[in-house]
Amino acid sequence: MSRIEVRLAGFGGQGIQLAGIILGRAAALYEGRYAFQTQSIGPEARGGKSRAEVVISDNPRDYPKVRKLDILVTMSQEALDSYINDLPPGKILIYDKDMIKNPPKRDDIKIYEVPATSTAYNLGNKIVANVVMLGALTKITKIVSEDSIKKAVLDMVKDKYKELNLKALEEGFKLGE
């Protein structure tokens, strides 16, 4: 893999930005690759559009922005509707089936449904749906190793939430199998 482009999207409050940072950190710090992460939040902030993009490359001088999306991860219907047409044929869509009521009807991409939000609720806190999704993304795509994503999650969450986030990640790995 010389370059892979990922867009994570949902709404403010779902931890989309944090998920992008964790993914980039896993690639850069624990796999020795180059990761570029950008993000945007709609003017409404919590509840508005939220997007994080991560470009992982083996080239230190690679272009840091998404040009040709490889993986789209969506956690809201609005995000799916906004970005599905940016995903070229043959690429990967992973979406939170709890939050998407109208999944795409495309047979030219690989589509994976992940019940991230309900899994997070079952763990006791919906706030970890983003980490469930990162676990599924990791397992489905092998974009980074399970060990690297675990280390990056532990780096980024407060001590009192580490155990919950590790459980969320493990559940995401299971869902991605």
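The values are calculated or read from the model by the stated rules, or taken from the named source; none is laboratory data. Please read all numbers here as calculations on a predicted model, not as lab measurements. All Cβ positions, even for glycine, are placed from backbone atoms using ideal geometry, and neighbour counts span all protein chains on display. Note: accessible area is taken over every heavy atom of the protein model, side chains too, but ligands, DNA and RNA are not part of it. Shrake-Rupley method; radii C 1.70, N 1.55, O 1.52, S 1.80 Å.
What the table below lists for this structure:
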item: Conditions (1) open to solvent by 20 Å² or more (accessible area, probe 1.4 Å); (2) within 14 Å of the chain's Cα centre (by Cα); (3) of a type outside the set (V, I, T); (4) at pLDDT 95 or above: number failed by D98; result: (2)
item: Evaluation of R106 against (1) within 16 Å of G20 (Cβ to Cβ); (2) modelled with pLDDT under 95 (one fails), failing number; result: (1)
item: Residue in segment 39-60 that is touching a helix residue (DSSP H, G or I) at 6+ places or on another chain (Cβ under 6 Å), open to solvent by 70 Å² or more (accessible area, probe 1.4 Å), touching a residue at least 12 places away in the same chain (Cβ under 8 Å) and part of a strand (DSSP E or B) present; result: yes
item: Tally, over segment 142-177, of residues that are open to solvent by 30 Å² or more (accessible area, probe 1.4 Å) and assigned to a helix (DSSP H, G or I); result: 19
item: Condition check for A79: part of a helix (DSSP H, G or I), small (G, A, S), surrounded by 20 or more Cβ atoms within 10 Å (Cβ to Cβ) and touching a strand residue (DSSP E or B) at 6+ places or on another chain (Cβ under 7 Å); result: yes
item: Boolean, P115 is at pLDDT 95 or above and either open to solvent by 30 Å² or more (accessible area, probe 1.4 Å) or of a type outside the set (F, W, Y) (or both); result: yes
item: Residue pairs meeting the criteria (Cβ under 8 Å; at least 6 apart or on separate chains; first farther than 15 Å from I71 by Cα, in segment 1-29; second among the β-branched types (V, I, T) and not in a helix (DSSP H, G or I)); result: G12/I41; Q17/I41; A26/V144; A27/V54; A27/I56; A27/I143; A27/V144
